[in-house]
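Input: a single structure, listed below in structure tokens.
Coordinate-derived values only; no laboratory data. All figures in this text were calculated on a predicted structure; none of them were measured in a lab. Heads up, the Cβs are rebuilt from the backbone with ideal geometry, glycines too, and the neighbour counts pull from every protein chain shown.
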């Protein structure tokens with residue numbers, strides 16, 4: 001497959017996905033489609049910070065939850081509309097990421113991982129315990145459906161259009177970012193930070209920007225997701241979401257844009273297929289994670305790349 | 001608000017006993033990090049296995065505390081050995097993120113298998129000491145807490161002696177301080193890493209077994225504690241064992257004081273807020289890692 005064929009294929013796939021609500025009348029399948037799109041965006045944002053920049057961030061879970069709460073509160077408590085909610089979710093997350101990201105990124109990469117994890121836990125404690133703002137464990141139910149120019153998107157089929165538009169826009173932005181000079185700098189930071197410094201590039205602003213952008217996108221995706229659920233409560237910060245994003249990114253191949261997007265779409269259907277019982281599903285998730293780390297450390301995309309390189313080598317001999 | 005001296009002393013004692021148990025977990029994490037430069041995400045699940053082993057061993061031993069404690073520690077050490085040989089031994093050096101993802105997967109598997117088999121219903125664990133306590137003046141503290149804290153102190157003494165005076169412990173410190181030099185003098189990293197994992201699994205099992213009669217035993221109990229322990233090893237400086245102990249006891253005290261005088265919500269959040277502040281002021285933790293020192 002030639003390189004140029006990939007974006008064409010992506011456009012075709014995006015258009016095929018847009019057609020999903022017209023193909024099926026099942027609310028359940030369209031609902032799974034909405035989750036698939038939003039999980040893919042969150043996994044692609046995680047890919048930006050881990051796959052490209054080499055920083056494993058568990059804070060994504062916190063940003064996802066903050067995004068959910070911010071967009072819900074904008075609509076319910078502050079009387080804004082859905083779009084303002086999503087915008088605020090992105091902006092507030094970017095601001096929080098800059099503030100907490102700076103001390104975290106000054107440490108080494110070991111401490112970074114752990115401190116992002118504790119950030120996510122702190123967010124879930126706040127969601128549960130700051131009852132005046134978040135309404136505690138009961139959450140905020142009955143989120144109103146979004147409206148555009150007076151038209152209400154109340155059914156799952158209509159909401160799918162919003163999720164699709166949002167996801168395509170975010171993925172296009174991430175693709176443009178990852179394939180730009182900034183994306184290449186991030187990869188360089190991951191591969192050899194001292195060399196990047198030696199080239200006269202300060203890694204800190206790049207790392208901080210990558211962290212803030214991935215926080216903003218994850219938060220916006222979380223903000224859209226809670227309107228799909230119709231409720232926001234502390235369960236939005238369940239570690240299950242983080243595991244899902246991680247598995248999507250790892251199976252797809254960290255550092256491979258299209259690999260992660262393809263895995264996001266394919267694997268979001270998986271929890272629905274595996275719906276025997278919640279426990280059993282999680283056991284399978286765990287087994288997949290461990291097995292993938294040993295069998296395909298760089299995901300399906302990495303495995304394909306290795307095979308292509310091996311074939312080229314064989315042709316040379 | 002007037003501060004009642006007796007109440008404060010009661011909170012302080014509770015804080016120290018809790019802090020010592022936190023320290024057992026944090027020390028294990030620090031030991032593994034020092035020797036292998038990885039973080040074991042499944043460490044909390046070792047603690048949970050220790051607590052479950054205690055819960056099942058007690059009825060067998062006729063509620064006798066010490067044999068059950070011993071059985072729980074042996075159990076978790078074996079679990080540690082299996083985890084090392086099956087998963088951790090395959091990691092190469094400098095695969096930190098990979099180690100986290102693998103042990104995260106393992107932790108998901110252990111939690112949900114335990115929940116599938118034993119259900120999520122919390123278990124109350126009864127021992128020969130029941131829920132009686134010692135009364136010193138107006139202060140009351142249960143025997144299980146006193147003994148848990150005592151066992152933790154003995155374990156620290158033992159760990160200090162092992163790391164300082166035995167070949168077994170010296171090898172661990174050597175690897176932690178300079179991996180290449182240790183290799184050159186003929187220390188086998190694989191064996192030392194295995195010993196470190198088994199030893200820290202044992203410490204964690206001891207913590208789990210000691211916590212079992214104090215708290216309710218559930219498949220999720222390890223997760224709450226381990227996240228705190230992660231923050232503690234960051235506050236104390238990654239790989240710094242005395243730092244982890246000091247941070248853990250400090251946290252036990254702070255949590256109990258906050259819980260006693262302020263809203264309960266702040267108690268859980270304290271550790272994370274302290275961690276972010278510490279990272280701001282001292283990115284390497286309060287006590288910088290200078291090899292793995294014990295004295």
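Protection proxy ranking for B:21-32, A:86-97, A:235-246, using the average of other Cβ atoms within 10 Å per residue and placing the highest first: B:21-32, A:86-97, A:235-246.
Pairs of Cα atoms nearer than 8 Å and 6+ residues apart set the relative contact order; for the range B:175-267 it is 11 percent. Evaluated on chain B, the Kirkwood hydrodynamic radius is 19.5 Å, with distances taken between all distinct Cα atoms. Scoring B:49-62, A:210-223, B:84-97 by mean Cβ neighbours within 10 Å over their residues and listing the highest first yields A:210-223, B:49-62, B:84-97. Per the Debye calculation on the range A:186-317 with a single equal scatterer at every Cα and no solvent contribution, log₁₀ I(q)/I(0) for q = 0.22 Å⁻¹ amounts to -1.34. Taking Cα atoms only, the orientation of helix B:189-211 departs from the longest principal axis of chain B by about 10 degrees.
Gaussian network model of chain A, Cα springs within a sub-10 Å range: biggest mean-square fluctuation belongs to which of A:194, A:145, A:137? Checking each option, the largest mean-square fluctuation is seen for A:194. With a 10 Å cut-off around each Cβ of A:123-129, the average count of Cβ atoms from other chains is 3. Dividing the helix sum by the residues of chain A, where each DSSP H run of 4 or more adds -39500 (n - 2.57), gives a mean residue ellipticity at 222 nm of -24500 deg cm²/dmol.
Rounded to the nearest Å, what's the spacing between the alpha carbon centres of the range B:68-117 and the range B:233-258? Just the number, please. That distance is 24 Å. Over the range B:19-175, all Cα pairs binned in 10 Å intervals from 0 give whole-percent P(r) values of 9, 31, 35, 19, 5, 0, listed from short to long.
Taken residue by residue and averaged, Cβ atoms of other chains lying within 10 Å of the Cβ of A:95-106 number 2.
Distance from the Cα centroid of the range A:217-237 to that of the range A:285-311 is 31 Å (rounded to whole angstrom). In units of the rule-of-thumb radius 2.2 N^0.38 Å, the range A:136-224 shows an alpha carbon radius of gyration of 1.56. Measuring max minus min along each principal axis, the C-alpha atoms of the protein assembly as shown give extents of 73, 67, 48 Å (largest first).
The C-alpha atoms of chain B define a longest principal axis, and helix B:5-36 lies at about 20 degrees to it. Note on residue B:160 and residue B:266: their simple-model spin labels are 3.3 nm apart, each label 7 Å out from Cα toward Cβ.
In terms of packing, defined here as the mean over residues of other Cβ atoms within 10 angstrom, the peptides A:104-116, B:150-162, B:202-214 line up highest first as B:202-214, A:104-116, B:150-162.
Note on A:286-294: average number of Cβ atoms from other chains within 10 Å of each residue's Cβ is 6. The simple spin-label model puts a point 7 Å past each Cα toward its Cβ; for residue B:9 and residue B:167 those points are separated by 5.0 nm. Would you please classify the overall shape of the range A:1-117 from the alpha carbon gyration tensor, given that a ≥ b ≥ c denote the square roots of the eigenvalues, rounded means a/c under 1.5, and beyond that prolate means a/b larger than b/c while oblate covers the rest? Note, shape of the range A:1-117 comes out oblate. Oblate is the label for the range B:94-147, because the ratio a/c of its alpha-carbon gyration tensor axes (a ≥ b ≥ c) is 1.5 or higher and a/b is not greater than b/c.
Applying Stokes-Einstein at 10 °C and 1.306 mPa s to the Kirkwood radius of the range A:194-269, computed over alpha-carbon pairs, gives a translational diffusion coefficient of 108 µm² s⁻¹.
Against chain B, whose longest principal axis is taken from its Cα atoms, helix B:167-177 shows a tilt of about 80°.
One chain, two ends: residue A:202 and residue A:184. Fully extended at 0.36 nm per residue, the span grows by 5.1 nm beyond their Cα-Cα distance. Based on C-alpha pairs under 8 angstrom that are at least 6 apart in sequence, chain B has a relative contact order of 37 percent. Relative contact order for chain A: 32 percent, from Cα pairs under 8 Å spaced at least 6 residues apart, divided by residue count. From the square roots a ≥ b ≥ c of the eigenvalues of the alpha-carbon gyration tensor of the range A:99-173, which class results: rounded (a/c under 1.5), prolate (a/b over b/c), or oblate? Note, shape of the range A:99-173 comes out oblate. Calculated on C-alpha atoms, the gyration radius of the range A:5-271 divided by its Kirkwood radius gives an Rg/Rh of 0.97.
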